[in-house]
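Notes follow once the structure below has been shown.
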Amino acid sequence: MSLVGPRPHAIGMLANGAEASKLVESYAHRHRMKPGLTGWAAINGSRGPADTPEAIRRRVALDLEYVERQSVWLDLAIIARTLPCVLGDSAVVR
């Protein structure tokens, strides 16, 4: 596991009774890199339960955007934006 990368989903995660990996055609592409403790989707409001097909699609789209844009600078920006969440800053967008 990396510090930054697509957050891992539970195997067989369901959204409205459908397996998440079956809801999004490009779901497997998010596995092109190691999962991370924090990620682009998490700092852009897609964290916590993804229990609807729309939430799964949004999270996967953000994960794929990260996979395509990944760089040291983006990782540092993600870490910087994660710290206030971890430290309990209530002003951070959820």
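The values are calculated or read from the model by the stated rules, or taken from the named source; none is laboratory data. Keep in mind that what you see is a predicted model, and the values were worked out from it rather than measured. FYI the Cβ positions are ideal-geometry reconstructions off the backbone, even for glycines, and counts take in every protein chain you see.
Is it true that Ser71 is free of Cβ contacts under 8 Å to residues at least 24 places away in the same chain and out of contact with any Ser or Thr (no Cβ under 6 Å at 6 or more places or on another chain)?
On the way: free of Cβ contacts under 8 Å to residues at least 24 places away in the same chain: yes; out of contact with any Ser or Thr (no Cβ under 6 Å at 6 or more places or on another chain): yes.
Taking the combined requirement at face value, the residue satisfies it.
Scan segment 52-68 and report the pairs whose first residue is at negative phi and whose second residue is surrounded by fewer than 15 Cβ atoms within 10 Å (Cβ to Cβ) and part of a helix (DSSP H, G or I), with Cβ atoms within less than 8 Å and a gap of 6+ or a chain change.
Close Cβ pairs (under 8 Å, with a partner that is surrounded by fewer than 15 Cβ atoms within 10 Å (Cβ to Cβ) and part of a helix (DSSP H, G or I)) amount to Tyr66/Leu74; Val67/Arg32.
Considering only residues that are more than 15 Å from Thr52 (Cα to Cα) and of a type in the set (Gly, Ala, Ser), look in segment 1-28 and name the one that is modelled with the lowest pLDDT.
Among them, the one singled out is Ala28.
Out of the residues in segment 1-18 meeting the condition of being in contact (Cβ under 8 Å) with a residue 24 or more places away in the chain, touching an Asp or Glu at 6+ places or on another chain (Cβ under 8 Å) and assigned to a loop (DSSP other than H, G, I, E, B), tell me which one is surrounded by the most Cβ atoms within 10 Å (Cβ to Cβ).
Pro6
Glu68 fails exactly one of the following numbered conditions: (1) charged (D, E, K, R); (2) more than 28 Å from Ala80 (Cα to Cα); (3) part of a helix (DSSP H, G or I). What is the number of that condition?
Only one criterion is unmet by Glu68, namely (2).
In segment 29-73, which residue that is among the polar types (S, T, N, Q), modelled with pLDDT of 90 or more and over 9 Å from the mean Cα position of the chain (by Cα) is surrounded by the most Cβ atoms within 10 Å (Cβ to Cβ)?
Among residues in segment 29-73 that are among the polar types (S, T, N, Q), modelled with pLDDT of 90 or more and over 9 Å from the mean Cα position of the chain (by Cα), the one surrounded by the most Cβ atoms within 10 Å (Cβ to Cβ) is Gln70.
Is it true that Ser21 is assigned to a loop (DSSP other than H, G, I, E, B) and of a type in the set (Ser, Thr, Tyr)? Give the steps one after another, and end with the answer.
Values: assigned to a loop (DSSP other than H, G, I, E, B): no; of a type in the set (Ser, Thr, Tyr): yes.
So Ser21 does not fit the description; no.
Working only within segment 76-94, note down all residues that are at pLDDT 85 or above and either polar (S, T, N, Q) or touching a Lys or Arg at 6+ places or on another chain (Cβ under 9 Å) (or both).
Within segment 76-94, Thr82 is the sole residue that qualifies.
If a residue has to be outside any helix (DSSP H, G or I), over 10 Å from Ala20 (Cα atoms) and touching a helix residue (DSSP H, G or I) at 6+ places or on another chain (Cβ under 6 Å) to count, how many in segment 40-65 make the cut?
Here the count works out to 2.
Give segment 74-88 a look and list any residue that's more than 14 Å from Leu3 (Cβ to Cβ) and exposed (fewer than 11 other Cβ atoms within 10 Å of the Cβ), or say none.
Of the residues in segment 74-88, the ones more than 14 Å from Leu3 (Cβ to Cβ) are 84-85, 87-88.
Matches in segment 74-88: Leu87, Gly88.
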